[in-house]
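K.L.:
Let me give you the structure first, and then I'll get to my questions.
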Amino acid sequence: MAGIYKLTGTVKNYEWGGISFIPSLLKKVNEKKIPHAEYWMGTHPLGQSVVDTGGSMPTELNAITNSLPYLFKVLDVRNMLSIQVHPSKEAAEIEFAREEAEGIPLDAPNRCYKDDNHKPELMVALSDFWLLHGFKPTEALINTLTKVTELNELLPVFNELGYAGLYKHVMEMPQAEVNRILQPLLNNLTDIYKAEAPDKSKADYWVSKAAASFIHDGNIDRGIFSIYLFNLVQLKKGEAIFQADGVPHAYLEGQNVEIMANSDNVLRGGLTTKHIDVVELMKHIKCEATIPQIITGDVNGEGERTYNTPVPDFSLSVFEMEKGDVASFNPTTTEIVLLTEGVVEADDDDTTIKLQAGTPSAVVFPGATVYLAAAAKSVVFRASAAIHNR
């Protein structure tokens with residue numbers, strides 16, 4: 001099969017999602033203000049996209065092509081997501097086989113490994129975007145543990161046992177101790193996230209916001225420690241960051257596009273009501289100093305900016321176009337294009353599709369050059385399993 005076709009993805013209404021960004025992208029009225037957290041494009045069994053092939057009924061994408069090795073998403077993060085770590089490919093294969101042998105049902109709440117794949121992720125900010133990413137470098141972490149009075153007692157733990165010892169200490173600490181340390185801290189930060197002009201570059205802001213959501217039955221979520229231990233990163237629109245296996249991270253606020261290997265393997269470390277298995281988490285988390293690497297991408301002669309990553313599972317690029325601009329690309333695998341701003345006509349000589357609000361996404365099969373013509377200032381992302389523009 002060749003050509004370009006309209007593609008309709010799946011909306012995920014998770015509680016942490018925003019209420020306007022994705023509905024606006026899909027030109028959908030959201031009178032009941034239902035959270036629209038993610039828009040999925042791909043062949044994931046929990047979010048199968050459908051293709052308009054001209055028949056009486058849309059066709060599921062996986063009925064036309066092999067399952068894609070990637071899942072492409074739009075995210076609107078209104079409330080912070082859980083702290084997460086993903087296993088390596090080798091570890092996922094071993095651990096998935098172990099849980100299968102142990103007979104743990106795939107849908108069991110204590111199941112950690114849903115498949116045998118890794119889950120590297122690349123995200124590109126569509127707005128100012130805030131996230132946690134990896135442990136702070138040594139000097140910065142010592143500075144934090146020194147300046148935040150309530151955390152002073154963690155400094156000798158870090159000095160003696162390092163990153164892994166410190167993280168293990170806070171993750172295995174009895175809940176009463178978590179409350180003892182964090183409650184005085186939270187008392188001093190009450191509701192600063194509601195300030196008229198809050199300083200989001202400070203961990204205190206996010207700790208205060210987390211406290212409004214993650215205290216249950218008087219128990220404070222120990223994930224709040226991680227807000228101080230991890231790097232707080234702000235991405236500007238168009239900047240990207242890659243989440244490798246083992247790197248702890250959490251999305252805090254903003255909109256992005258995200259592409260990942262097709263997997264559901266997530267090990268959580270807090271800021272959640274979902275299952276946390278500290279033993280499994282400690283097996284796979286990289287407890288080491290991390291300097292966040294912000295990716296700005298490489299631009300080719302067509303004006304296509306590619307965000308390079310070290311994994312072969314996917315490639316993501318973007319065309320940032322002014323009105324009247326024309327660009328082209330040659331798909332070599334099944335690819336998905338997504339318009340996040342403007343109006344663009346996508347043409348493969350046989351078919352023309354207008355990408356715009358309401359119909360922002362299309363699937364492209366190899367066999368012909370695809371031309372993009374911008375009718376307004378526009379942004380079009382291209383998700384692929386092929387490696388291009390390296």
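K.L.:
Just checking, which of S67, S127 is hydroxyl-bearing (S, T, Y) and farther than 24 Å from L271 by Cβ?
P.N.:
S67
K.L.:
Inside region 302-319, can you point out the residues that are buried (at least 19 other Cβ atoms within 10 Å of the Cβ) and more than 21 Å from N117 (Cα to Cα)?
P.N.:
Once the filter is applied, which keeps residues that are buried (at least 19 other Cβ atoms within 10 Å of the Cβ) and more than 21 Å from N117 (Cα to Cα), region 302-319 yields E304, R305, T306, Y307, S317, V318, F319.
K.L.:
So if I check each of K114, K168, K119, which one is among the charged types (D, E, K, R) and open to solvent by less than 70 Å² (accessible area, probe 1.4 Å)?
P.N.:
Of the residues listed, the single one that is among the charged types (D, E, K, R) and open to solvent by less than 70 Å² (accessible area, probe 1.4 Å) is K119.
K.L.:
Still on this structure, please answer the following. Looking at the structure I just gave you, is M123 in a strand (DSSP E or B), touching an Asp or Glu at 6+ places or on another chain (Cβ under 9 Å), in contact (Cβ under 8 Å) with a residue 12 or more places away in the chain and of a type outside the set (D, E, K, R)?
P.N.:
Yes: the conditions hold for M123.
K.L.:
Oh, and also: I'd like the full set of residues that are small (G, A, S), over 19 Å from the mean Cα position of the chain (by Cα), part of a loop (DSSP other than H, G, I, E, B) and surrounded by 12 or more Cβ atoms within 10 Å (Cβ to Cβ), limited to region 81-111.
P.N.:
none
K.L.:
So which residues in region 127-139 are touching a helix residue (DSSP H, G or I) at 6+ places or on another chain (Cβ under 8 Å) and assigned to a loop (DSSP other than H, G, I, E, B), if there are any at all?
P.N.:
Listed by number, the list holds a single entry, K136.
K.L.:
Could you list, ordered by first residue, the pairs with Cβ atoms under 6 Å in which the first is in region 72-92 and farther than 13 Å from L132 by Cα and the second is of a type in the set (S, T, N, Q) and outside any loop (DSSP other than H, G, I, E, B), at least 6 apart or interchain?
P.N.:
If the second residue must be of a type in the set (S, T, N, Q) and outside any loop (DSSP other than H, G, I, E, B), the pairs left are L75/N256; D76/Q255.
K.L.:
If I filter region 217-228 for residues that are among the acidic types (D, E) and either in contact (Cβ under 8 Å) with a residue 24 or more places away in the chain or in a helix (DSSP H, G or I) (or both), do I get at least one hit?
P.N.:
yes
Each row is one residue, and each column tells you yes or no for (1) in a loop (DSSP other than H, G, I, E, B); (2) modelled with pLDDT under 95; (3) surrounded by fewer than 18 Cβ atoms within 10 Å (Cβ to Cβ).
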| position | (1), (2), (3) |
| --- | --- |
| V337 | no, no, no |
| E345 | no, no, yes |
| D349 | yes, yes, yes |
| K354 | no, no, yes |
| A362 | no, no, no |
| A368 | yes, yes, yes |
| Y371 | no, no, yes |
| R382 | no, no, no |
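K.L.:
What number of residues in region 175-187 are open to solvent by 20 Å² or more (accessible area, probe 1.4 Å) and over 8 Å from E150 (Cβ atoms)?
P.N.:
Count: 7.
K.L.:
Please go through region 148-165 and give me each residue that is assigned to a helix (DSSP H, G or I), open to solvent by less than 40 Å² (accessible area, probe 1.4 Å), out of contact with any strand residue (DSSP E or B) (no Cβ under 6 Å at 6 or more places or on another chain) and not small (G, A, S), ordered by number.
P.N.:
Within region 148-165, L151, L154, L155, V157, F158 meet the criteria.
The values are calculated or read from the model by the stated rules, or taken from the named source; none is laboratory data. Values in this document were obtained by computation on a predicted structure and should not be read as measured data. Because the Cβ atoms are built from the backbone with ideal geometry, glycine has one as well, and the counts that use them run over all protein chains shown. In case anyone asks, the SASA skips ligands and DNA or RNA and just uses the protein heavy atoms, side chains included. Shrake-Rupley method; radii C 1.70, N 1.55, O 1.52, S 1.80 Å.
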